[in-house]
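All remarks here apply to the structure that follows.
What follows draws every value from the coordinates through simple rules; no lab data is involved. Given the structure is predicted, the values throughout are model-derived calculations rather than measurements. All Cβ positions, glycine included, derive from the backbone under ideal geometry; neighbour counts span all protein chains shown.
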Amino acid sequence: LNGGAVPSAPPTYT
Amino acid sequence: MTLTETSIKKMLPTQYKYRDLTVREITYVISQYKDLKPLMDAYVFNDGSSRDLMSLTGTVPVSYRGNTYNIPVCLWLLDTYPYNPPICFVKPTSAMMIKTGKHIDANGKIYLPYLHEWKHPQSDLIGLIQVMIVVFGEEPPVFSRPTTQPPFPAFQA
């Protein structure tokens, strides 16, 4: 088992 | 049984009725999606009761507008799995906000026809994750919070 990727999300669009 | 299967089986409480099926599926999923891992934790039901359940927690890679994002999710497996669908959530970090919509409520709970129409053995975790990746690629369940704006600059006359 591993530490996992850093969570990320798309930039908020305006 | 592989070493991974053996260690997952040790984690999985005996209350799980279909342990071998569940262990096999989890083993396959974490071999394909290496940023998901099995965890035991307390799941709180709507009526306030809680039960220790296994979840797959981590991130799934979602491609959106040409970039790949690691969307944080948590898939809870009931002790009747695979005869009942997992209970699925997006888990925004403090830097993210939930985008509610047809597939996501304000608590981050995920609603998909695949879950609603869940039927073992046609439905499974790997199929569910693939559907999530496609759906989230069209409509991301989380976005980054806007960076904090500095206070409106005082205008010096």
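Here are a few things to note about the model shown:
- Inter-part distance where region B:1-53 and region B:77-100 are each reduced to a Cα centre, Å: 14 Å
- When the protein assembly as shown is described by a simple charge dipole with +1 on each Lys and Arg Cβ and -1 on each Asp and Glu Cβ, the residue from A:PRO7, B:SER55, B:VAL73 located farthest towards its positive end is A:PRO7.
- The residues neighbouring B:TYR111, those whose beta-carbon lies less than 9 Å from its own, together hold a net charge of +1 under the Lys/Arg +1, Asp/Glu -1 convention.
- When only the Cβ of Lys, Arg, Asp and Glu is charged (+1, +1, -1, -1), the dipole of region B:58-148 relative to its Cα centre reaches about 280 debye.
- In nm, spacing of pseudo-spin labels at B:VAL44 and B:SER63 (7 Å Cα→C-beta vector): 3.9 nm
- Degrees separating the helix B:19-32 axis from the principal Cα axis of chain B, which is the longest one: 40 degrees
- Estimated translational diffusion coefficient (Stokes-Einstein, Kirkwood radius over Cα pairs, 37 °C, 0.692 mPa s) of region B:85-135: 280 µm² per second.
- Rg/Rh (Cα only; Kirkwood hydrodynamic radius) as it applies to region B:9-111: 0.98
- Only the Cβ atoms of Lys and Arg (+1) and of Asp and Glu (-1) were treated as charged; on that basis the dipole of chain B about its Cα centre amounts to roughly 200 debye.
- Note on the protein assembly as shown: Rg/Rh from Cα positions, Kirkwood definition for Rh, rounded to two decimals, is 1.06.
- Förster radius 45 Å - calculated FRET efficiency between B:ARG145 and B:THR80, Cβ distance, rounded to 0.05: 0.75
- Computed about the Cα centre, the dipole magnitude for region B:1-87 is approximately 200 debye when only Lys and Arg (+1) and Asp and Glu (-1) carry charge, each at its Cβ.
- Chain B, helix-only ellipticity at 222 nm - DSSP H runs n ≥ 4, -39,500 (n - 2.57), divided by all residues, nearest 500: -7500 deg cm²/dmol
- Taking other C-beta atoms within 10 Å as the exposure proxy, B:PHE143, B:PHE45 rank B:PHE45, B:PHE143 from fewest upward.
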